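A.B. asks: Starting off with a structure, shown below.
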Amino acid sequence: MHPDRSWPQAPVPDMPGDVWRWQLPSVHDASRVRMDLRARLAHPSLASSSTEDAREGLLLAFEELASNALRHGGGLVEAVIVATGHDGWVLSLSDEAVDRPPVPAVDRDPAFGGMGLPMVAQLSVEHGWSSQGGRKHVWARLASGVPVHGGTPSPRGSLA
């Protein structure tokens, strides 16, 4: 695998904010959680402190990482999102498959799937995975889309 296309090993960023947590026992629960997440993102405080594109990007990233955790992970899957205010969100999906790191598809025909991790990487400011406490955490930090200090946040900041 080409090193710059790998999913980097790095701890989940510890950022302050409101913590949202869900258990996903099955694939069907991902749809329920996505609907709950969409409702939370529609709250006036979040709608005014983020762009619609950024909120849609978070929903898409959640869907992709949840799908991967449910299909390729092991044991109980948990989703955690930290809403960091005007900065955006930290999204983390964890499962019990600590011995199976995320592996992005490289040079694969998109018709065969497997494009979720590269898509999440493009949507995120930074991303990574770690093993901690007997769980694998696959995460992405997504920007709110609102300019910070007069500048526009980059969709792929520090890990470009």
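A.B. asks: Return the distance in nm (one decimal) between the two label points of a simple spin-label model at residue 36 and residue 59, each offset 7 Å from Cα along Cα→Cβ.
C.D. replies: 1.7 nm
A.B. asks: How much length would be gained if the chain were fully extended between residue 96 and residue 14, taking 0.36 nm per residue of separation minus their Cα-Cα distance, in nm to one decimal? If you can, show how the numbers build up before the last one.
C.D. replies: Details: separation 82, 0.36 × 82 = 29.52 nm, distance 2.06 nm.
So the chain would gain 27.5 nm between residue 96 and residue 14.
A.B. asks: Which length gain, in nm to one decimal place, applies between residue 23 and residue 52 when the Cα-Cα distance is subtracted from 0.36 nm times their residue separation?
C.D. replies: Taking 0.36 nm per residue and subtracting the Cα distance, the gain is 7.9 nm.
A.B. asks: For segment 3-143, evaluate the Debye formula with one uniform point scatterer on each Cα (no solvent term) and list log10 I(q)/I(0) at q = 0.13, 0.19 Å⁻¹, rounded to two decimals.
C.D. replies: Computed log10 I(q)/I(0) values: -0.52, -1.14.
A.B. asks: Let me ask something else. Starting with the fewest neighbours, write out 137, 127, 28, 72 ranked by other beta-carbon atoms found within 10 Å of each beta-carbon. List each step's numbers first, then the result.
C.D. replies: On the way: 137 21, 127 24, 28 9, 72 14.
By the 10 Å Cβ count, ascending: 28, 72, 137, 127.
No value in this document is a laboratory result; all are computed from the given coordinates. Since we're looking at a predicted model, the values are computed, not measured. Note that we place each Cβ from the backbone using ideal geometry, even for glycine, and neighbour counts take in every protein chain shown.
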